[in-house]
Amino acid sequence: MSKLKISAQEMVAQARARIEEIETKDLIARLGDPDLVVVDIRDVRERQRSGFIPGSVHAPRGMIEFWVDPDSPYHKEVFADPSKTYVFHCASGWRSALTVATLQDMGFDAAHLKEGFSTWEAQGGPVERPDTKKG
């Protein structure tokens, strides 16, 4: 295989240099703000395994550009309010950095959780766990 033009690590660094990054403690402090939408782009299995931020919207990484685009047949209304503050997160902040950079290129204003969900609970962030009991 030939060498890539840019590594994934370089892409993340370039994205982080041009997007807004939110510290975990700052997002925890904003929870409950009706103008805040926390968007979890992790795989559904990650959410099931480690839990999720209460009230967060789950938007799989592979669909996010289509869900935010009002002209897409896959558009979701949760992304239609320009007065809201959207903060995206993944597990460690890499996927969400790339996601937010792409969304900014599209004209969608958003930020991302710098460290992702990886330090959320350790820093005092509330976690909701899916009900794994079967009826």
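The numbers here are math on the coordinates, done by the rules we state, and not lab data. Because the structure is predicted, anything quoted here is derived from the model rather than measured. Because the Cβ atoms are built from the backbone with ideal geometry, glycine has one as well, and the counts that use them run over all protein chains shown.
Some points to look at:
- Excluding exposed DSSP-loop trypsin sites (Lys or Arg not before Pro) (at most 10 other C-beta within 10 Å), longest clean stretch of the chain: 6-132
- For the stretch 84-132, the list of GluC sites (Glu not before Pro) that fall in a loop by DSSP and count at most 14 other C-beta atoms within 10 angstrom reads Glu121.
- Sites listed here are chymotrypsin sites (Phe, Trp or Tyr not before Pro) in the stretch 56-135 whose DSSP assignment is loop and whose Cβ has at most 13 other Cβ atoms within 10 Å: Tyr74.
- Our summary of shape: the Cα atoms of the chain have principal axis extents of 50, 34, 33 Å, ordered from largest down, in whole angstrom.
- Reported to the nearest whole Å, the Cα centre-to-centre distance from the stretch 1-44 to the stretch 101-123 is 3.
- Pairs of Cα atoms farther than 15 Å apart, the stretch 1-75, %: 72
- Amide H contacts of Val57: Val38, Val39, Asp40, each under 5 Å away and 5 or more positions distant or on a separate chain (H built 1.01 Å from N in the peptide plane; Pro and chain starts excluded).
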